[in-house]
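S.K.: One structure coming up, written as structure tokens, with questions to follow.
The values are calculated or read from the model by the stated rules, or taken from the named source; none is laboratory data. Only a predicted model underlies this, so the values are computations on that prediction, with no experimental measurement involved. Here the Cβ is made from the backbone with ideal geometry for all residues, glycine too, and neighbour counts use every protein chain on show. SASA here: full protein model, heavy atoms, side chains in, ligands and nucleic acids out. Shrake-Rupley method; radii C 1.70, N 1.55, O 1.52, S 1.80 Å.
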Amino acid sequence: MQWIYLANFEIDAEAGAMPIFEIFGIPVNDTTVIGWGITIGLIIFARLATRNLSLRPGRLQNVLEMFVESIINMVNDMMEGGGRKLLPFIGTIALFIGISNIIGILPLLKNPTADLNMTLAFGLSVFIFSHAYAVRKKGFWPYLKEFAEPMAFMLPINIMGELAKPISHSFRLFGNVFGGSVLIALAAYAVPGIIPVPLMAWFDLFIGLVQALIFTMLAVAYITIASE
Amino acid sequence: MIEFGSEVVDTIITAAALIGGGIALIAGIGAGIGQGFAAGKAVESVARQPEARGNITITMLIGQAVAESTGIYAFVFALLLLFFIIL
């Protein structure tokens, strides 16, 4: 019991989100602050990279062009001609979540995606975006009629299925990232030294990038399915 | 009827939460089997058609992510039982 309590304390300090200060009575987690930092860093990076665009791209511009092109190609593969239209939304998700997932490898920083509030925000944004996109593409009544397909009594099942999407979408990312950081914290507590290092490389770099890719692909898939 | 003190009740709740967390992780079996099945099929199709490797890998990863969600639910519930009920 003592050990469990101790481990519990360590994990709380290492992996989970901790409120650090309050604004007007609303507690602000450290993961949120790191998320703000990443946002500001991305804005500064984008400003620097697009300051003097030229036909013969420099190094920063090359990186950005590669990223933008790969996102457009990825979306175009799943949704005919939707690449340019979805680029701002999908590209932002891919960039932010990708960086959030691998930033935990730096000392003293936590993954902002190890906080359910963050991933749930992304899952709900994708949910709202996909349904708004479907309404715009199909019209309101055909969109509502879609829920009663193939038969009218399927209505509650279809609605439950739609509501389960953002939950599984956000819980998948949260579970993977938070589970990885819990395992790293446990390993660092039980066998400090070399053992946590390959674990960090595996969970923060590999799993983080794969989960960011999966989150992005699933977002595109949900939008595609909803608008067809 | 036996009356338990509050300490005993707390201990029983903690023990039950720990056991429940362990049992919840049994669901990992399903996710593991499903992901392994998908990976095996992906290996088969890459062996048959090596030029479609990139598409097969991405499709496999998405399918595995969907198959993984039950395992993730179980994991989140186990974490809830371990870290929030005990505290």
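S.K.: Would you pick out the residues in segment A:52-105 that are in a loop (DSSP other than H, G, I, E, B) and surrounded by 15 or more Cβ atoms within 10 Å (Cβ to Cβ)?
M.R.: Selection gives A:M79, A:G82.
S.K.: OK, next. Within segment A:156-173, track down each residue that is of a type in the set (A, V, I, L, M) and open to solvent by less than 70 Å² (accessible area, probe 1.4 Å).
M.R.: In the first step, residues of segment A:156-173 are kept if they are of a type in the set (A, V, I, L, M); the result is A:157, A:159-160, A:163-164, A:167, A:173.
Those that are of a type in the set (A, V, I, L, M) and open to solvent by less than 70 Å² (accessible area, probe 1.4 Å): A:A164, A:L173.
S.K.: Can you pull out the residues in segment A:139-154 that are modelled with pLDDT of 80 or more and not aliphatic (A, V, I, L, M)?
M.R.: A:G139, A:F140, A:W141, A:P142, A:Y143, A:K145, A:E146, A:F147, A:F153
S.K.: Hey, another quick one. Just give me the residues in segment B:39-77 being over 22 Å from A:S170 (Cβ atoms) and small (G, A, S), in sequence order.
M.R.: B:A39, B:G40, B:A42, B:S45, B:A47, B:A52, B:G54
S.K.: With respect to the numbered conditions (1) at pLDDT 80 or above; (2) surrounded by 12 or more Cβ atoms within 10 Å (Cβ to Cβ); (3) over 18 Å from the mean Cα position of the chain (by Cα), which one is the sole condition not fulfilled by A:I195?
M.R.: So the condition that A:I195 fails would be (1).
S.K.: Given (1) farther than 30 Å from A:M18 by Cα; (2) surrounded by fewer than 14 Cβ atoms within 10 Å (Cβ to Cβ); (3) under 23 Å from the mean Cα position of the chain (by Cα), identify the lone condition not met by A:I128.
M.R.: Result: A:I128 fails condition (1) only.
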